[in-house]
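Below is one structure, written out as structure tokens, with a few remarks after it.
The values are calculated or read from the model by the stated rules, or taken from the named source; none is laboratory data. Please read these numbers as outputs of a predicted model, since none were measured by experiment. Note that each Cβ is placed from the backbone with ideal geometry, even for glycine, and that neighbours are counted across all protein chains shown.
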């Protein structure tokens, strides 16, 4: 049987004269322009501005002389480094045992531990800091009051307003990074690797020391470095805790340079060490995770059996719950108490309960409700831009559609080494001056958030594109569809889930972003994080707690969507960070 | 007029020449295979024909129109070809019917017409009952049939196949070879088929282009390639063979273990070293000297393996260092170490470069 078909009359045009120019090129040029605007220009302005005199714009080194001219400015730099080291070490102490227990042992309820780590992860550090002020503020802090109640002492031992207090609070809300890295590595260590050591005569302890731990070590170190960088780049917690404790760190010092009058040139000069340390450590981190960890991280998982802990499984579970208490249970109990209290200090009495704080925040405060809306709008806009932009770049780079596509990819991940505050200073230097005069507009916040989260978008987008066989698209083209048809009919439908995932991974942190927003917001573009920060300066902990809880509750449906579409642990995977 | 003409096509990556000076003409309806080991440039050639990459030199002409040259390439979507990929590239987000109908949809046919043609072609590949299924629910062989249907339903000017059977298991591969040839006989689409499997190429093709290191070694019909290989590479790549090195001495050519009269050998006019290919099944093997036309050479069985369908003997002519491979029927049993007689027909010896 043959298909006696008439020739297809409405077929694509007969072969035309060969043409070199592809209209999709216009799109690529646009992407390059956008990346220049988002990434390159703020960075260039940051560097250039640091060498310019404030009023005349001529070349000068005076900004550097000012920035490093006082002992207390230098002290702030050193404080940051110490703080980073202390916070990373503490975070390691919290995260590594938990990661090992969840990934490799029969500790009870690993799902619960994972859930609590996720709860920690989605708690903004400044919300955690506020909760810990409620818990461990000198005298009035709940832990101190319980201590005094129990012992009859005159004063409690805890003081959050200290270097140690700050380090602990930062560690409590950055340890999920190490947890994510370590579980990812441990889950790739197959039991066979351990069996091989056992059969050669190594006991469980030696096996862990010689095989398991070394295989996970690069990932642990990588996580520690990320924690360190997170700690030195953080603005909210140090501003709430270090300033009352009368010491400065880099970010709070930068904020002071940015106070009236704005000395952006000095701030730019002062930001350089922070930028330098970050670049350096990110390179080190890449080197470590690339070298030794590689085999373990790419090998097939093989069969994995949990290590039986015996009686110790409950001890391990206890430890997990202690960490969870410090990071989740205690802070949230007292945040909720505060949010529903007339005065948080009056405790859990029934006559202290009220909904006034929520009513005030949502309906009476001039800008609080608007700030939440702003946060979600800006986060939504930047997540959308970042996802489509990085998808475009990842596609161009993976399909080698333009020469030097790799450079575009590099530009997308480059913001990873730029701390939020530094990025904001760059954006201020580039786009606040009269040419564009974007300072205080919604646009500058959206663009800054977009740039800040480009790396997350790119890592996810390029992983998604690489999972697609290019033959899928070639099949479209050979059958007469254009490249855009292939994108629309095949690539986009196949990547739907991945794109949603990437969008959420940007959107959720963007709704809480403080460190870049604090330098760029204007009177009508205040976001929720800035609002919370302002309230903490006013000491309005009840209303602040209400606002912080609203922000958390609004996140839950998004988490639920993400988990439905992408699996329970979608935020705790490595490409989430 | 030729359907598709490749003229001096080359592809260079820096200093590396993936394909060099490739010329080939296909007549309408012809089935040609590009055969060679991996890395020989066959897939690169196919992708140049499809328009996925421009040639570094040379031109590709279809129906008298130039579609590829170093200065420009008609994009794949305007070539009216279709292609079957190594991975099948069945779109997992579309059903079997949607996959097959895609090309017709792009050509803006009416809904009813698309349905009619899709049903018809699915009948041809015996997949009609699975029209509403998603690819993830299909076996490898069924996916292969979908890929075939999808490529054929648009009635392409040229059909390109890139190692389409390499992901199938052995039995299915053999079945699909015949299926592909059957569809070709039915639709008479000009076809270029890339494979590294010689039997696949032999079953399906009108002509085979043997490639090695980016160059064409030989273009011929399958039986000619086998019986008259022109180069050492072709003789070795297509089937098993013995290479015999000879030297002209007067009117004789001396080989290791025997001597042949130059006049009885192909291409033995020149002097010096001569290389011949002799297929294992072209050599006779017996206990007694036979009175056949060939040269009788006394030899010893050095080794043997039994492969069910035939015996594979290593037989060493007396005084020679190198043994020859000889194939016999499964019933011709000789013990290792026994003295035997080989019968070598000079006419079966093929001069190779």
Mind checking which residues of region B:99-140 are buried (at least 17 other Cβ atoms within 10 Å of the Cβ) and within 19 Å of residue B:186 (Cβ to Cβ)?
B:100, B:103, B:104, B:117, B:118, B:120, B:121, B:122, B:124, B:125, B:127
Helices (runs of 4 or more DSSP H) completely within region A:423-500 that count 3 or more residues being at negative phi and in contact (Cβ under 8 Å) with a residue 60 or more places away in the chain
A:442-466
Can you tell me which residue is nearest to residue B:94 (Cα to Cα) among those in region B:119-134 that are away from chain A (no Cβ under 11 Å) and in a helix (DSSP H, G or I)?
B:130
Applying the selection to region B:69-86, what residues are within 21 Å of residue B:26 (Cβ to Cβ), within 7 Å of another protein chain (Cβ to nearest Cβ) and not in a loop (DSSP other than H, G, I, E, B)?
B:69, B:73, B:76, B:78, B:81, B:82, B:83
Report, by residue number, each residue of region A:462-479 that is under 17 Å from residue B:46 (Cα atoms) and crowded, with 19+ Cβ neighbours inside 10 Å.
A:472, A:473, A:474, A:475, A:476, A:477, A:478, A:479
Can you work out which of the residues in region B:277-324 that are outside any loop (DSSP other than H, G, I, E, B) and in contact with a helix residue (DSSP H, G or I) (Cβ under 9 Å, 6 or more places away or on another chain) is surrounded by the most Cβ atoms within 10 Å (Cβ to Cβ)?
B:313
Of residues in region B:87-118 being at the interface with chain A (Cβ under 7 Å from one of its Cβ atoms) and within 28 Å of the chain's Cα centre (by Cα), the one nearest to residue B:133 (Cα to Cα):
B:89
Would you list the helices (runs of 4 or more DSSP H) that sit entirely within region A:272-364 and hold 2 or more residues that are modelled with pLDDT under 90 and surrounded by 12 or more Cβ atoms within 10 Å (Cβ to Cβ)?
A:293-298
Given B:106, B:124, B:100, which one is out of contact with any helix residue (DSSP H, G or I) (no Cβ under 6 Å at 6 or more places or on another chain) and touching a residue at least 40 places away in the same chain (Cβ under 8 Å)?
B:124
Residue set B:194, B:210, B:234; condition modelled with pLDDT of 90 or more, within 14 Å of another protein chain (Cβ to nearest Cβ) and in contact with a strand residue (DSSP E or B) (Cβ under 9 Å, 6 or more places away or on another chain); output residue B:194
All conditions in (1) buried (at least 21 other Cβ atoms within 10 Å of the Cβ); (2) within 25 Å of residue A:520 (Cα to Cα) are true of residue A:440 except (1)
What tally of residues in region A:535-567 results from selecting those that are assigned to a loop (DSSP other than H, G, I, E, B) and loosely packed, with under 14 Cβ neighbours inside 10 Å?
2
Which one of the conditions (1) under 33 Å from the mean Cα position of the chain (by Cα); (2) buried (at least 21 other Cβ atoms within 10 Å of the Cβ) does residue A:187 fail to meet, given that it meets all the rest?
(2)
Kindly establish whether residue A:98 is touching a residue at least 12 places away in the same chain (Cβ under 8 Å) and part of a helix (DSSP H, G or I).
yes
Tell me which residues, restricted to region A:521-534, are within 19 Å of the chain's Cα centre (by Cα) and in a helix (DSSP H, G or I).
A:528, A:529, A:530, A:532, A:533
Checking residue A:509 against (1) assigned to a helix (DSSP H, G or I); (2) surrounded by fewer than 18 Cβ atoms within 10 Å (Cβ to Cβ), only one condition comes out false. Which one?
(2)
Please count how many residues of region A:484-506 are surrounded by 20 or more Cβ atoms within 10 Å (Cβ to Cβ), within 19 Å of residue A:393 (Cβ to Cβ) and more than 14 Å from chain B (Cβ to nearest Cβ).
5
In region A:234-267, what count of residues is obtained for those that are in a helix (DSSP H, G or I) and either modelled with pLDDT under 90 or over 29 Å from residue A:128 (Cα atoms) (or both)?
4
Given the conditions (1) crowded, with 18+ Cβ neighbours inside 10 Å; (2) farther than 30 Å from residue B:45 by Cβ, report the number of the one that residue B:195 does not fulfil.
(2)
Given the criterion more than 31 Å from the chain's Cα centre (by Cα) and surrounded by 19 or more Cβ atoms within 10 Å (Cβ to Cβ), identify the matching residue among B:261, B:253.
B:253
Any residue that is assigned to a helix (DSSP H, G or I) and closer than 14 Å to residue A:243 by Cα - is there at least one of those in region A:133-154?
yes
Sort out for me the strands (runs of 3 or more DSSP E) sitting completely within region B:1-62 that have 2 or more residues that are closer than 14 Å to residue B:159 by Cα.
B:31-35
Within region B:228-248, can one find any residue that is touching a helix residue (DSSP H, G or I) at 6+ places or on another chain (Cβ under 7 Å), closer than 14 Å to residue B:274 by Cβ, outside the structural domain of residue B:8 (by TED's automatic domain parsing) and without any contact (Cβ under 8 Å) to a residue 12 or more places away in the chain?
no
Given (1) crowded, with 17+ Cβ neighbours inside 10 Å; (2) closer than 21 Å to residue A:401 by Cα; (3) away from every other protein chain (no Cβ under 14 Å), residue A:432 misses just (2)
